[in-house]
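Reading through the C-alpha cells given below for one structure.
The values are calculated or read from the model by the stated rules, or taken from the named source; none is laboratory data. Note that the structure is a prediction, hence the values are computed from the model and not measured. Here the Cβ positions follow ideal geometry from the backbone for every residue, glycine too, while neighbour counts run over all protein chains shown.
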Amino acid sequence: MVSEFTAVAVFLLVGTGIVLFTFGLAKVIRPSAPHPVKLETYECGETPLGTAEIQYNVRFYIYALLFVIFDVEVVFLFPWALVYRSLGFFAFVEMLIFIAILVFGLFYAWKKGVLKWF
Amino acid sequence: MSDAFLTNLTFYVLSFCVIAGGIFVVSSRNLFHSAVFLVFTLFSVAGIFVMQHAYFLAAIQVLIYVGAVAMLMIFGVMLTTQLTNVRLRHVNEQAWPAFAVCLFFLGFLVYGLWDTPFKISQAAAPAEVTRAIGTLLMTEYVLPFEVVSVLLLVALIGAVVIAKKE
Amino acid sequence: MLELRGLIDAIWGLISGLLSGLGFSPNLISLIGYAIIAAVLFGVVALIVLFLVWWERKVSAHMQDRLGPMRVGWHGVIQTIADALKLLQKEDITPKAIDFPIHFWAPVITFVAAFMVYVTVPFGKGLIVSDLSVGILYIIAITTFTVIGLLMAGWGSNNKYSLLGGFRSAAQVISYEVPLTLALLGVIMIAQTLSLGAIVTQQDTIFKWYVWRQPLGFAIFWIAATAECNRTPFDLPEADSELVAGFVTEYSGMKFAMFFLAEFVNMFTASVIAVTLFFGGWMSPFGPDFGPSWLWFLGKTLFFVFVLMWFRWTYPRLRVDQLMGFAWKVLLPLAFLNILLTGIGIYIFD
Amino acid sequence: MAEATISLNHYLMLSGILFTIGVFGVLTRRNAIAILMSVELMFNAVNITLVAFSDFVTPAALTGQIIALFTIVVAAAEAAVALAVVLLIYRSFKGINVDRINFMKW
C-alpha cells in the first residue's frame, strides 16, 4: 500500500501540522492588547471609506480565461512530449496542427486587443 | 496496520473530504467559501485518483481543476459579489422538493449499482501510465485530440467575444 | 565519502530496528519514517530560508555599498533568527471586517504548498524522499495552490489594497505560468521522462547538461520563474508606492511570517528546478562521484538564488501593462518556437 | 488480507453521492456561479466513475482515463464560456441570481 504518493500525504499532514503548531505557539507567547482602532481596516491611517466592494476591471478575468485555455493545452503537450521520440514524425505533425490552431486563438485575442492592459 | 486497513482508511478519509466538501459547496451562504470548499473537494478527488492508480490524471486534476477552473470561479465570485451582503437567501423555493428528488435519485443509483456484476479484469496496468496515455492520444484517440484544440479555440474566441468590453 | 545517504540509512536502521522491536508493523514504521523525514526537511527548509533572508540583506547592502546587518552574531548571521523570534511574539492585529476562516487559511495554504514541492526534489545522490513518476507535473500542479492562497488572502482581508494586490499577483502568476510550463516541456521532450531523479542521472557530465540543448528554454524558464516569485523586475504585487503591501496588508505576526517565508521558499524552489532540469542537479560537472553530491546541489542552487538577488538591484520595475504584454506577446510565442525548434532538433541531431 | 478492501462499488457509491450533491446544488442554488460549481461537482463524480472503471474493468486499455481526460478539458472550456456569460449577465442585470433572469419567458 505504501505507494510513491504516501510521502505526499504525509508531507501535507506534517507541513500543515507544523504551521498550525507555530500559530498556536505564537498565540501562547504573544501579547494581546485589543483596541478598537486596531480592529479597523488599514487605509493609510485614514478612516476607511466604504468597503472593498469596488468593481474590478474585467481584464483580470480575460487573462484568467486565456490562462485556462492554454493551461489545458499544456496538459495535452505533456504526454505527447513523453512519447515524442518513439512515435516519430507523425506525432510531430499532429502536435504542429494542435499548436497552430491554438496559436491562431492567441493571435485572434491579440488582434482583438484583449491583451492590451489599457 | 495491515495494507488493507491503510487502504480502507485512506479511502474513507478521502471520501469523507469529498462528500463533506461537496455538501459545503452547495450549502454555504458565502459564495467565496463555496469556491474554497470546491478547491478542497477537487483536491480530495485528486487523492481518489491516486488511489485508483491514475497518477497523471491526479496531477491534471490539480493543475486544471484547482489551478484553472476553480481559480476562474474565484475570479468570477470576486467580480460579481460583495463580501458584505452575504446574508441574502441563497437557495430558491425548491429546496425541499429538490432534496426529496435527490434522495430518490440516490436511492435509485444505489439500487441499480449494488448488485450489478461488472466484469472485473485482473489484467496488469501499463507500467508507465503517462507514457501509455501519450501513445494512445497519438494513435487511437488522435481525432478527439485534434478536436480538443478546435474546441479550445472555439471556447477562447467565444469567451473573448462575450467578455470583451464594448 | 561525504554522502549523506549512508548516514541517513544508518540512523534510520537504528530507529526502525527500535520501532520493530516495540512491535510496530512495517507499514506503520514506514509512515513514521516519512513523518520524521517531513519534519526534518521542514526544519532544513526553514533554516535555508532564514539563511536566504540574511543573505538577501547582505547582498543588497553590499551592492549598495552598505554593510547590512552587523550586530547580531558574526556579520549578523543570526539576525534573521532574532527576527523570527520577534515575529513569533508579535501581536496578531486583525481587523474586524475580515472573513476569518479565509484570512486564517490563506497563509497556511501558501506555505504548505511551497513546502510540498520538496517531496520529489533530488537533494543529492539517493537523497530524494519519493521519486514520483509524474515529478515535474506534480511540482507544477502543487505550486498552483499559490494562486489560490493569494486570492484567498486578497479577498479574506476585505481591504481595497489587499484585493487589488491579490488580483494583480494572481494575474501575473497565471500569465507567466504558461510560458514557464512550456519551457520545461523542451527538457521533457529530450529527457523522455517526468521523474526528476531520472532527469538528473541523465546529465552526468557538464556536456550533458540540458542547458546547452535548451538555451532558449532556460532563458524563458528563468524569466518566467523570476516573475512567478514576484521578484524585481516583476515585483508589481508589492509595489509599495501603489498598493501599500498588496495582499499582505492586513497580515501581521506569524501569519505575515508565513507569507514572507513562502516567498523565499518559492525563490529557492525556482532555483532548484533550474538546477535540476538544466544544470545537472546534484551531479558535479565531472561526473557523479566528484565531491559530495548534496554540496554541489546546494552550491549550484545558491548561485541561482544569488542571480535572483542580483536581478533585484540591476533592473527597474516594469509597468503593469508591460508585464502582462511581455508574458503573452513575447514569452508565449517564444516558448512555442522553442518547442518547435526542439522537435526539429531532436530529428536532426539524434 | 482478512479485511475487505475497496472494491469498484465503493467508488461508484462515492461517485453517486457526489453526483447527487451536485444535482441538489444545481436545482436549489440561486446564484449562477454556485450552479456552475455544482456542475463541476457532477463532472468530478463522473470522472471518479470513469477512472474507477478504467482501474477495475479495463486496466490495460486505459479507456476510462483517456475519456476522463477529455471530460476535464470539456469542463474547463465550459467553465470559461459559462463564466463569460455570467459576467455578461452581471453587467446587464446588476446581479447573477438566476431566478431574476427570466426575460426569456415572455
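Only a single item in (1) at pLDDT 85 or above; (2) under 25 Å from B:Q122 (Cβ atoms) is not met by D:A34, and it is number (2). The condition (being part of a helix (DSSP H, G or I) and out of contact with any Gly (no Cβ under 9 Å at 6 or more places or on another chain)) is satisfied by just one residue among C:T201, C:T181, C:T232: C:T181.
Number of residues in the range C:132-143 that are in contact with a Leu (Cβ under 7 Å, 6 or more places away or on another chain) and part of a loop (DSSP other than H, G, I, E, B) equals 2. Against the conditions (1) modelled with pLDDT of 85 or more; (2) at the interface with chain B (Cβ under 7 Å from one of its Cβ atoms), where does D:L50 fall short? Just the number, please. Answer for D:L50: the failing condition is (2).
This table checks each residue for (1) under 21 Å from the mean Cα position of the chain (by Cα); (2) more than 26 Å from C:K329 (Cβ to Cβ); (3) charged (D, E, K, R); (4) at pLDDT 75 or above.
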residue: C:I206; (1), (2), (3), (4): no, yes, no, yes
residue: C:C229; (1), (2), (3), (4): yes, no, no, yes
residue: C:T232; (1), (2), (3), (4): yes, no, no, no
residue: C:D240; (1), (2), (3), (4): no, yes, yes, no
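Looking only at residues in the range C:109-137 that are of a type outside the set (G, A, S) and surrounded by fewer than 19 Cβ atoms within 10 Å (Cβ to Cβ), which one is farthest from the other protein chains (Cβ to nearest Cβ)? Per the criteria, the residue is C:L127. Evaluated against (1) under 14 Å from the mean Cα position of the chain (by Cα); (2) under 24 Å from D:L69 (Cα atoms), B:V26 falls short on exactly one condition, (2). In this structure, C:Q89 qualifies as under 22 Å from A:I18 (Cα atoms) and over 24 Å from the mean Cα position of the chain (by Cα). Scanning the range C:86-100 for any residue that is more than 10 Å from chain A (Cβ to nearest Cβ) and closer than 15 Å to C:M254 by Cβ turns up at least one such residue. Exactly one residue among B:V160, B:V110, B:V148, B:V154 is more than 7 Å from every other protein chain (Cβ to nearest Cβ), of a type in the set (A, V, I, L, M, F, W, C) and assigned to a helix (DSSP H, G or I), and that residue is B:V154. Is the range D:52-75 home to any residue that is of a type in the set (D, E), more than 14 Å from the chain's Cα centre (by Cα) and closer than 24 Å to B:Q52 by Cβ? Yes, that holds for at least one residue. Evaluate the range D:53-63: report whether one residue or more is closer than 24 Å to B:N8 by Cα, facing chain B (nearest Cβ under 7 Å) and aromatic (F, W, Y). Scanning the range D:53-63 turns up at least one residue that is closer than 24 Å to B:N8 by Cα, facing chain B (nearest Cβ under 7 Å) and aromatic (F, W, Y).
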